[in-house]
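Student: Just passing along the structure, written as structure tokens.
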Amino acid sequence: MSEEELKTYNGSCHCGNFSYTVTVPEIKRGARCNCSLCHRKGYFWLSVTPEQFKVDEGTGELSSYQTSEGSNRHLFCATCGAGVMAKKPDESFMAVNLNTVKGLDRKSLEVKEFDGASVGESYKTFDVPTDTIDALDLPDYKTYTGHCHCGDVKVAFKSPDLYAPTTFVVSDNCSICAIHAYVIAYPERHHYQITGIENTTAYFMGDKYADRAAAACARQDTGVLPPEAEGVSDEFEGD
């Protein structure tokens with residue numbers, strides 16, 4: 001393929017601490033993986049070579065998380081939590097998260113599904129405490145539980161059926177939600193409990209929304225949004 005057929009795309013984490021360029025043929029498709037980590041993080045992958053990927057001069061470094069020894073290193077910004085890329089320790093494989101590429105119409109891209117969940121050992125989930133919300137008298141509500149990938153942060157909440165058309169569940173197109181591919185439920189105050197809140201880190205999204213913070217697991221940045229975290233408003237606003 002000739003140089004004239006290549007395009008250069010710019011990308012970065014949400015806070016801009018890490019930025020990069022990729023020079024590749026026009027991006028027309030991406031891959032979604034259903035493994036335990038990619039599913040949680042909402043990654044949308046594009047495989048690249050080291051020659052196609054360039055870190056911008058003066059940019060910061062990324063933190064790293066591995067699901068197991070020898071597995072891909074998932075690299076994310078420790079400030080805003082945005083997952084930027086993944087690569088094997090020997091760099092024989094490298095991919096960038098298309099959610100971090102600027103000016104890309106991701107909805108128009110062809111999606112290739114990858115069955116990463118069937119690769120290697122099955123992921124073992126963690127038990128999630130529900131004792132606080134179990135005491136609530138909400139017979140028509142369902143109990144939902146979840147946790148970050150490493151299990152340091154666990155969440156349980158009571159809610160009407162999340163699949164019911166009258167239940168408020170949001171997939172937002174604001175900049176932070178798009179990068180993280182958040183799908184957000186809004187349980188009422190006191191209808192949830194969080195275990196391991198001390199293991200989270202908060203990211204405040206600029207002066208305009210200084211009253212809102214995104215809280216995530218400090219080890220690998222799976223996001224949660226606890227309303228009782230310092231500075232977090234009960235009101236929902238996009239950016």
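Student: Could you tell me whether any residue of the stretch 46-56 is hydroxyl-bearing (Ser, Thr, Tyr) and farther than 25 Å from residue 110 by Cα? Let's see the steps before the verdict.
Tutor: We begin by selecting, within the stretch 46-56, every residue hydroxyl-bearing (Ser, Thr, Tyr); these are 47, 49.
Next, from what is left, pick out any that are farther than 25 Å from residue 110 by Cα: none.
The answer is no; no qualifying residue exists.
Student: Being surrounded by 11 or more Cβ atoms within 10 Å (Cβ to Cβ), more than 19 Å from residue 41 (Cα to Cα) and hydroxyl-bearing (Ser, Thr, Tyr) narrows it down to one residue among 79, 67, 130, 125; which is it? First the steps, then the outcome.
Tutor: On the way: 79 fails: more than 19 Å from residue 41 (Cα to Cα); 67 fails: more than 19 Å from residue 41 (Cα to Cα); 125 fails: more than 19 Å from residue 41 (Cα to Cα).
The match here is 130.
Student: Would you please list the contacts, defined by Cβ atoms under 6 Å and residues six or more apart or on different chains, that run from a residue in the stretch 103-116 that is assigned to a loop (DSSP other than H, G, I, E, B) to a residue that is modelled with pLDDT of 95 or more?
Tutor: Pairs that qualify, where the first residue is assigned to a loop (DSSP other than H, G, I, E, B) and the partner is modelled with pLDDT of 95 or more, are 109/29; 109/30.
Student: Something else about it: Can you tell me how many residues within the stretch 139-177 are in a strand (DSSP E or B) and among the hydroxyl-bearing types (Ser, Thr, Tyr)?
Tutor: Initial filter on the stretch 139-177 (in a strand (DSSP E or B)): 142-147, 154-159, 169-170.
Still in the running and among the hydroxyl-bearing types (Ser, Thr, Tyr): 143-145, 159.
Going through the stretch 139-177 one residue at a time, the tally reaches 4.
Student: Moving on. If residue 64 passes every condition in (1) outside any strand (DSSP E or B); (2) among the polar types (S, T, N, Q); (3) without any contact (Cβ under 8 Å) to a residue 60 or more places away in the chain but one, which one does it miss?
Tutor: Here residue 64 clears every test but (1).
Student: Within the stretch 49-58, is even one residue assigned to a loop (DSSP other than H, G, I, E, B), touching a helix residue (DSSP H, G or I) at 6+ places or on another chain (Cβ under 7 Å) and of a type in the set (Val, Ile, Thr)?
Tutor: So the first thing to find is which residues in the stretch 49-58 are assigned to a loop (DSSP other than H, G, I, E, B), and the list is 49-52, 56-58.
Narrowing further to those that are touching a helix residue (DSSP H, G or I) at 6+ places or on another chain (Cβ under 7 Å): none.
Checked the stretch 49-58: no residue is assigned to a loop (DSSP other than H, G, I, E, B), touching a helix residue (DSSP H, G or I) at 6+ places or on another chain (Cβ under 7 Å) and of a type in the set (Val, Ile, Thr).
Student: Here is a further query. Just one of 109, 136 is surrounded by 12 or more Cβ atoms within 10 Å (Cβ to Cβ) and assigned by TED's automatic domain parsing to the domain that holds residue 65; which is it? Spell out how you get there, then give the answer.
Tutor: Values: 136 fails: assigned by TED's automatic domain parsing to the domain that holds residue 65.
Exactly one of 109, 136 is surrounded by 12 or more Cβ atoms within 10 Å (Cβ to Cβ) and assigned by TED's automatic domain parsing to the domain that holds residue 65, namely 109.
Student: Please enumerate the residues belonging to the stretch 67-77 that are in contact (Cβ under 8 Å) with a residue 40 or more places away in the chain and small (Gly, Ala, Ser). Talk me through it step by step, then tell me what you get.
Tutor: As a first pass, look at the stretch 67-77 and keep what is in contact (Cβ under 8 Å) with a residue 40 or more places away in the chain: 67-68, 71, 74, 76-77.
Across the stretch 67-77, the qualifying residues are 68, 71.
Student: Does residue 18 count as in contact with an Asp or Glu (Cβ under 8 Å, 6 or more places away or on another chain) and surrounded by 20 or more Cβ atoms within 10 Å (Cβ to Cβ)? Spell out the reasoning first.
Tutor: Details: in contact with an Asp or Glu (Cβ under 8 Å, 6 or more places away or on another chain): yes; surrounded by 20 or more Cβ atoms within 10 Å (Cβ to Cβ): yes.
Here the answer is yes, as residue 18 does meet what is asked.
Student: Report, ordered by the first and then the second residue, all pairs with beta carbons closer than 6 Å, sequence separation of six or more or different chains, a first member in the stretch 175-192 that is over 17 Å from residue 45 (Cα atoms), and a second member that is aromatic (Phe, Trp, Tyr) and not in a helix (DSSP H, G or I).
Tutor: So the pair list comes out as 186/168; 187/157; 191/157; 192/157.
Student: Restricting to the stretch 83-97, what's the tally of residues that are within 12 Å of residue 62 (Cα to Cα) and in contact with a Ser or Thr (Cβ under 6 Å, 6 or more places away or on another chain)?
Tutor: Of all residues in the stretch 83-97, those within 12 Å of residue 62 (Cα to Cα) come to 83-86.
Checking the rest, the ones that are also in contact with a Ser or Thr (Cβ under 6 Å, 6 or more places away or on another chain) come to 84.
Count: 1.
The values are calculated or read from the model by the stated rules, or taken from the named source; none is laboratory data. On a predicted model such as this, the values are computed, not experimentally measured, just so you know. All Cβ positions, even for glycine, are placed from backbone atoms using ideal geometry, and neighbour counts span all protein chains on display.
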